[in-house]
Amino acid sequence: MSPRTARTDTFAAIADPNRRAMLDLLLARPERNVGDIATAFPKISRAAVSKHLGVLRRAKLVRSRKRGREQYYELNPQPLVDIHDGWLRKFEEIAEASLQRLKERVENEEA
Amino acid sequence: MGIEIGVLAVRRSIHIKAPPERVWREFESLEKMQAWFGTGHRLLRYEPRVGGEVLLELDWRDGSIRRFGGPIVVFEPEREVTFEQDWIPSEGIEEPSYITLRLTPALDGTVVELFHHSIEREGGDYSEEHRQLEHGWSMRQLDALANIVEAWAPARTE
């Protein structure tokens, strides 16, 4: 999978508010099983919770581990970190900061 | 004339109270460019001519360094510099998009525009790529992302 495809998957995964809330939940406590997570989302079915977790797992935002009969989930924030640090933010930084600096230099005759 | 700005483009601009010939002095050498275009990242190479290389470098949060840039395809003094934009090494796009810096005399001064454009040249899902660049990042979404990343930051330094 290319980095760009990965980015698209990450976006799709965090576009849903329930999935963002699940990431928050896993951030607060590192490891939870499906039952724990489902309890925190009483308004949606356990099947829907599993489906959301599947989307997060495919986007590599969570890792799952089987312990006994239970599947445990933990957060993997790296794809989010990659985007946060990535070109989208950098383009804004480069564009805005650079143009501002150019204006200051020229108008203040620093050069 | 300059390059034709490709249909899928992101633009930032600023108005400077000086004529284009004055503004252009800041485009004339690596040292001059580094003083402003090196803001937020490092400008390692800038060869001010068609075919010359632009090479930039930035720090990733995980401590790694990433490089990007490409050859200059348009170099018109007092008017425009355009160079290819790709990661080095490439992430496997079809053709690089472009970064264009364009000077236009306006309102007793100069408008400087910075475009990241022709994103469609990259192939793949250029539509989504552009949407993310232009529209995808509402501040709310960026804030949500920042919160998650910041909250996780202490754990990474342990």
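The values are calculated or read from the model by the stated rules, or taken from the named source; none is laboratory data. In this text the structure is predicted, and so the values were computed from the model without any measurement. Counting neighbours? That spans all protein chains shown, and the Cβs are built from the backbone with ideal geometry, glycine included. To get the accessible areas, we keep the full protein, side chains included, count just its heavy atoms, and leave off ligands, DNA and RNA. Shrake-Rupley method; radii C 1.70, N 1.55, O 1.52, S 1.80 Å.
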Fill in: Area accessible to solvent at A:K66, 1.4 Å probe radius, in Å²
140
Worksheet item: Taking the Cβ-Cβ separation of B:L55 and A:R57 as r and a Förster radius of 51 Å, what is the calculated FRET efficiency to the nearest 0.05?
Response: 0.85
Worksheet entry | Set of lysines near B:K17 by C-alpha distance (under 25 Å), chain-local residues within fewer than 8 positions excluded | A:K103, B:K32
Worksheet item: For B:E113, what is the net charge nearby, where nearby means another residue's Cβ is under 9 Å from its Cβ and Lys, Arg count +1, Asp, Glu -1?
Response: +3
Worksheet entry | Net charge contributed by nearby residues that have their C-beta within less than 12 Å of A:N18 (K/R +1, D/E -1) | +2
Worksheet item: Near A:K43, which lysines are there with a Cα under 30 Å away, not counting those fewer than 8 places off in the same chain?
Response: A:K51, A:K60, A:K66
